[in-house]
Amino acid sequence: QVQLVESGGGLVQAGGSLRLSCVVSGLASGYYGMGWFRQSPGKEREFVAAITWSGGSTVYEGSVKGRFTISRDNAKNTVYLQMNSLKPEDTAVYYCAADLAPPLRRDRATTLPGEYDYWGQGTQVTVAS
């Protein structure tokens, strides 16, 4: 049984920081990419950041680039999203997702939600103005 368990969401003032964590269990293979997505009321699910299985390649949505950092610790089966300089428009439910990447995609982090195989339950991030 594959599970993704998120933590670290909460309420923060504008300009502050939060670090989200996502622990993956049930995957025997280490060849899986990880991504973060978010969704706020009235908006579609939005790609935030992604990282390859090795951590060697990352991709960011334009509005978070330079403020957010995705990383992973494979020994702990955990992916992180460090969020700095938070803005009210960052308020959303944040979801982590795992991509069982085939060989041709293992070295490229995907932004496409349809390519992810497993999803977490989501964690609320609220940035006060």
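The values are calculated or read from the model by the stated rules, or taken from the named source; none is laboratory data. Not measured: the values here are computed from a predicted model. Heads up, the Cβs are rebuilt from the backbone with ideal geometry, glycines too, and the neighbour counts pull from every protein chain shown. Side chains are part of the model used for accessible areas, which takes the heavy atoms of the whole protein and leaves out ligands, DNA and RNA. Shrake-Rupley method; radii C 1.70, N 1.55, O 1.52, S 1.80 Å.
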(request) Identify, by number, the condition in (1) more than 12 Å from the chain's Cα centre (by Cα); (2) of a type outside the set (V, I, T); (3) at pLDDT below 95 that E89 doesn't meet. (result) (3)
(request) Could you check how many residues of segment 8-49 are farther than 15 Å from S71 by Cβ and open to solvent by 60 Å² or more (accessible area, probe 1.4 Å)? (result) 10
(request) Say whether the condition of being in contact with a Ser or Thr (Cβ under 7 Å, 6 or more places away or on another chain), hydrophobic (A, V, I, L, M, F, W, C) and in contact (Cβ under 8 Å) with a residue 12 or more places away in the chain is met by at least one residue in segment 33-42. (result) no
(message) Please go through (1) in contact with an Asp or Glu (Cβ under 7 Å, 6 or more places away or on another chain); (2) in contact (Cβ under 8 Å) with a residue 24 or more places away in the chain for G16 and return the number of the only condition it doesn't satisfy.
(response) (1)
(request) Consider only pairs whose beta carbons are under 8 Å apart and that are at least six residues apart or on different chains; among these, list those whose first residue lies in segment 82-111 and is closer than 16 Å to F68 by Cα and whose second residue is assigned to a helix (DSSP H, G or I) and open to solvent by less than 10 Å² (accessible area, probe 1.4 Å). (result) M83/D90
(request) Those residues that are within 13 Å of the chain's Cα centre (by Cα) and either open to solvent by 60 Å² or more (accessible area, probe 1.4 Å) or more than 16 Å from M34 (Cα to Cα) (or both), I need them from segment 96-122; list them, please. (result) L112, Y118, W119, Q121
(message) If I filter segment 97-125 down to residues being closer than 18 Å to G56 by Cα and hydroxyl-bearing (S, T, Y), which single residue comes out as modelled with the lowest pLDDT?
(response) T110
(request) Could you tell me which of the residues A14, A49, A28 is in contact with a helix residue (DSSP H, G or I) (Cβ under 8 Å, 6 or more places away or on another chain) and either of a type outside the set (D, E) or within 17 Å of Q82 (Cβ to Cβ) (or both)? (result) A14
